[in-house]
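Some notes on the structure that comes next.
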Amino acid sequence: MTPEQKGSLPLRVEKLFYELQDRIFTDIIRRIQKTGEITSTADYQINKLIVLGNSTEFIEQEIKRLTGKTDPEIWELYDKVSNWEYVRYEDAYEQINGTFIPLEENEDVQQWAQAVIAQTNDEIENITRSLGMTVDMGNGKRAFTPLAQYYQKYLDRACLDIVTGSFDYNTVLRRVVKELTASGLKTIDYASGYTCRATVASRRAIMTGVSQLSAQINEMVAKNLGTDTYEVTWHAGHRPSHWWGGNVYTKQELQDVCHLGDVDGLCGANCRHSYLAFIPGYSVRTYSPERLRELEAKEQQTKVYNGKAYTPYQASQAQRQMETKMRAQREKVQLLKEGGADPDDVMLAKAKYQGMLDQYSVFSKKMGIPQQRERIYYDLRGRVATNTKRQNAKYTPEMIRNATRDSNQYDRYKRIIGDSAGSLADFRQMKYNDPEGFDILKKKVDAYSDINKKAWSDDFKQKSKDAYDRFADNEIYMSVHALSRLPRLNKPGLPEVSEEELIKFISGAPKYTEGENKLIYFDSERQLVAVKNKNTGDIVSVVRRKRPKEVWQDV
C-alpha cells in the first residue's frame, strides 16, 4: 500500500498497518536467509502482503532489496516455490505486476481498520483495553502511567498480527514476552492494587483483545448482511456461567443473556467464545439443541485423579494452576543459576520441575484434555528439566519437598563445623540414605555449638574441639563427663589434653544430669566405649562405632 492509497486512513491506523507490513517482511527475510528458500510460512506471509494491497512487483523488489540477492537468484527462488504443491497463490510468483489494490476497494483492510477504530473509541490505541500501568485518581478515575504507553504498544501490535492472520498466536506471544523482558517490564500494576507478571498479563490481554476485535469485525459483517442475529460459538471446558454457548441470540440478547461487554461475560477476560452473523432461514446452526444438551451433559461428568473428581472446566483450571507453578519453578531455576547457587540446589530445583512436568502430563492424559505446553514455554527460558532419569532418581520426593529447609540446615551446619559438613549433595544423601551417619553429624554439631556458647578464648575453643574430635573417634559424639574417672586421657602420638582443659571442656556438656544413675562400658583394654543410663537403658553417648561384647559395669 502506497502512502497515497492509504491516505483515507487515520494517520495512527495507517501507522499500525505500516508497522505490520514491516514485521511481515522482516519475518519473510529471516526465513529465506535461514533456509535459503521461500518456506511454506513465508509463502503464506507473502500472500498476506498481497491481501494488504501490495503489488507482486513491490513484494519481489522488497525481498530482493532486503536479502541482497540478484535478479537471477530471486527468479530461482520464485521458480522453485511455484512448483511446490502447497503454494497458495501461484500468480504471486508467475505474474509480476505493479497493481496495488486501492484502499477504498480493499475490504479486508477497511474491515480491520474500522474494527480497530470502533474497539478503541476512535483513539487508535490500547486495542486490548488493558488497564495495566494505571493509578487510581479517586472518584472512579484512572490515569495511565508513562510505562503504559510501551506496554500497550506491544499488545496493539500483537492483536493486529493475530487478527489479520499474519502471525500465529504462539509466535506473537513469544515475541511479546521477549519484548517485555528486554524493556525491563517484569510486572504489570493495576489501579486496584493488583500486580501480575507481565507475561501472564500480556497473554490475558492479547487473548481478550483479539476476541473483542474479532467481535467488532463480526458485527460489521452482520451489518453488511442486514441481520441482527448471531450464533455464539461453543467449546468444551467452558466456565459454568457461560452455558449460553452454541445458541442463537439477537444483539440485545447477547447483552442481556450473555453479558456482552462485561468482564466476566461474552468476549470478556479470558473468554474463548465469539459470536458470528446468523441469517434466520438461511444459516444452519453448528449444533442442534439436542446435540447441545448432549455436550452440556458431558460438561457435568467428572473424572477422578488422586482421589479428587474434576469436571472438564475444573480440570482445565487445574491445568492452568500447574502451568503457573511450572513457570514460577522455571524462573526459580534461572535465578538460582544466575545467583551462583550450589549446583545441587540447582539440580534439585530442576528435578522438582521435571516432577511437575510429569504430573502435568499424567493429569492431562487422565482427564482426557490436551496438554498446552506452549503456555509453559513462552517464557523463552529454554530447556530447564533434568537431562536423565538417573539424575532424577537421585532425589526422592521428600528431598525435593524439603529442599529449601535442607539447604538452610546445611548452611547452619557448615558455619558450625566447617568442611566437616561435606558438600551439599553429600549432606542430602547422608540425611535421607544414611540416618546413622547423619545422627553422628548432628551430635558433632551439638557438641561444637555447646563449646561455642562458652565464654572461652578462641584458642581454647579450638583446643576443646580438637579434644572432642580426638576422643570421639572419627566424629562420634560422646559425653566426656565420664572421662574424668579414667586414669589416662591421652593417646600416644597426639598432643596431650590436660585435666584442667578437660574439666573446662566437660563442664557444660549436653545430655547429662548431675547425679544421673549411669553405666560406663569398657572394652578389654579399659578404654571407654559408651555411657548408658542405668534406669532407662538409653545410650547417653558413644565413643566408638563398634562396641566390644563385654559386660556393663557399674560406676
Study note, to complete from the structure: Scanning the stretch 247-259 for residues that are in contact with a strand residue (DSSP E or B) (Cβ under 8 Å, 6 or more places away or on another chain) and assigned to a loop (DSSP other than H, G, I, E, B), the one nearest to A205 (Cα to Cα) turns out to be C258
Exercise for review: Kindly establish whether Y282 is out of contact with any Pro (no Cβ under 6 Å at 6 or more places or on another chain), in a loop (DSSP other than H, G, I, E, B) and of a type in the set (F, W, Y).
Suggested key: yes
Point to revise | Hits in the stretch 244-295 (condition: surrounded by 17 or more Cβ atoms within 10 Å (Cβ to Cβ) and over 15 Å from T233 (Cβ atoms)) | key: E253, H259
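Quick grid of which residues meet (1) touching a residue at least 24 places away in the same chain (Cβ under 8 Å); (2) in a helix (DSSP H, G or I); (3) under 19 Å from the mean Cα position of the chain (by Cα); (4) surrounded by fewer than 16 Cβ atoms within 10 Å (Cβ to Cβ):
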{"site": "C159", "(1), (2), (3), (4)": "yes, yes, no, no"}
{"site": "R175", "(1), (2), (3), (4)": "no, yes, yes, no"}
{"site": "T181", "(1), (2), (3), (4)": "yes, yes, yes, yes"}
{"site": "M207", "(1), (2), (3), (4)": "yes, yes, yes, no"}
{"site": "L213", "(1), (2), (3), (4)": "yes, yes, no, no"}
{"site": "Q216", "(1), (2), (3), (4)": "yes, yes, no, no"}
{"site": "K223", "(1), (2), (3), (4)": "no, yes, no, yes"}
{"site": "E231", "(1), (2), (3), (4)": "yes, no, no, no"}
{"site": "H235", "(1), (2), (3), (4)": "yes, no, no, yes"}
Exercise for review: Report, by residue number, each residue of the stretch 396-438 that is acidic (D, E) and open to solvent by 80 Å² or more (accessible area, probe 1.4 Å).
Suggested key: E398, D419, D426, E436
Practice item. Could you please let me know if Q317 is modelled with pLDDT of 90 or more, part of a helix (DSSP H, G or I), open to solvent by 50 Å² or more (accessible area, probe 1.4 Å) and more than 30 Å from G382 (Cβ to Cβ)? Key: no
Review point. Can you find even one residue in the stretch 350-358 that is out of contact with any Ser or Thr (no Cβ under 9 Å at 6 or more places or on another chain) and open to solvent by less than 30 Å² (accessible area, probe 1.4 Å)?
Key: yes
Point to revise | Exclusive hit being modelled with pLDDT under 85 and open to solvent by 10 Å² or more (accessible area, probe 1.4 Å), set A198, A191 | key: A191
Check your understanding: If I451 passes every condition in (1) over 30 Å from R175 (Cα atoms); (2) touching a helix residue (DSSP H, G or I) at 6+ places or on another chain (Cβ under 8 Å); (3) surrounded by fewer than 18 Cβ atoms within 10 Å (Cβ to Cβ); (4) in contact (Cβ under 8 Å) with a residue 12 or more places away in the chain but one, which one does it miss?
Key -> (3)
**Study point:** Selection from the stretch 293-308 of residues that are basic (K, R), in contact (Cβ under 8 Å) with a residue 12 or more places away in the chain and not in a strand (DSSP E or B)
**Key:** K298
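The values are calculated or read from the model by the stated rules, or taken from the named source; none is laboratory data. Note that the structure is predicted; figures quoted are calculated from it, not measured. Glycine also receives a Cβ, built like all others from the backbone with ideal geometry; neighbour counts cover every protein chain displayed. The accessibility values were calculated without ligands, DNA or RNA, using every heavy atom of the protein model including side chains. Shrake-Rupley method; radii C 1.70, N 1.55, O 1.52, S 1.80 Å.
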